[in-house]
1. Can you give me the long-range amide H partners of ALA30? Hydrogens built in the peptide plane at 1.01 Å from N, cutoff under 5 Å, separation of 5 or more residues or another chain.
2. Could you tell me how many degrees, from 0 to 90 and to the nearest 10, lie between the Cα long axis of helix 11-21 and the main elongation axis, the longest principal axis, of the Cα atoms of the chain?
3. Return the tail of the calculated pair distribution for the range 1-92, meaning the percent of Cα-Cα pairs more than 21 Å apart.
4. Which one of ALA36, ALA12, ALA83 has the biggest mean-square fluctuation once the chain is modelled by GNM with Cα springs under 10 Å?
5. Please report the net charge: other residues with Cβ closer than 9 Å to the Cβ of ALA49, K and R +1, D and E -1.
6. May I ask you to give the average projected area over all directions of the convex hull of the Cα atoms of the range 45-85, in nm² rounded to one decimal?
7. Dipole size in debye (nearest 20) for the range 1-80 around its Cα centre, Lys and Arg Cβ +1, Asp and Glu Cβ -1?
8. Mind pulling the angle between the C-alpha long axis of helix 76-92 and the longest principal axis of the chain? Nearest 10 degrees, somewhere in 0 to 90.
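What follows is calculated from the coordinates using simple rules that are stated; it is not laboratory data. Computed from a predicted model, the values in this text were never measured in an experiment. Neighbour counts run over all protein chains shown; Cβ positions are idealised from the backbone, glycine included.
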Amino acid sequence: MRTKNAARITTAESEHMAAVKSVACVLCDAPAPSIAHHVVQGDHYTTVAVCESCHVGKHGIHGDQTMLRLRFKVAGIHGEMRAVNETLRRIAA
């Protein structure tokens, strides 16, 4: 959801987020469609493909980050950036 003062999402950003949503969850491999989790608010290119549970569930990115630690061996911003790289790898495949 965009805040009212946020800049409009460009066509390229929209296409990128659609590509992110088209790949499986990078944390648990749940099939697409995924949610595009923004690592940096407002930066539509630093997004991670995650399922609903891995996004807002108890062990998800907005929870205790267990799934992030299990998959990438690190949580926080470092784990999220590894998840961005994995998302980009899956898009390119």
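1. Residues meeting the criterion, in which the H sits 1.01 Å from N, are CYS25.
2. For helix 11-21, the angle is close to 20 degrees.
3. Working: 1057 of 4186 pairs.
Of all Cα-Cα pairs in the range 1-92, 25 percent lie more than 21 Å apart.
4. Result: ALA12 has the largest fluctuation of those listed.
5. +1
6. Working: hull surface 10.1 nm².
The Cα convex hull of the range 45-85, projected and averaged over all directions, gives 2.5 nm².
7. For the range 1-80, the charge dipole is close to 140 debye.
8. 70 degrees
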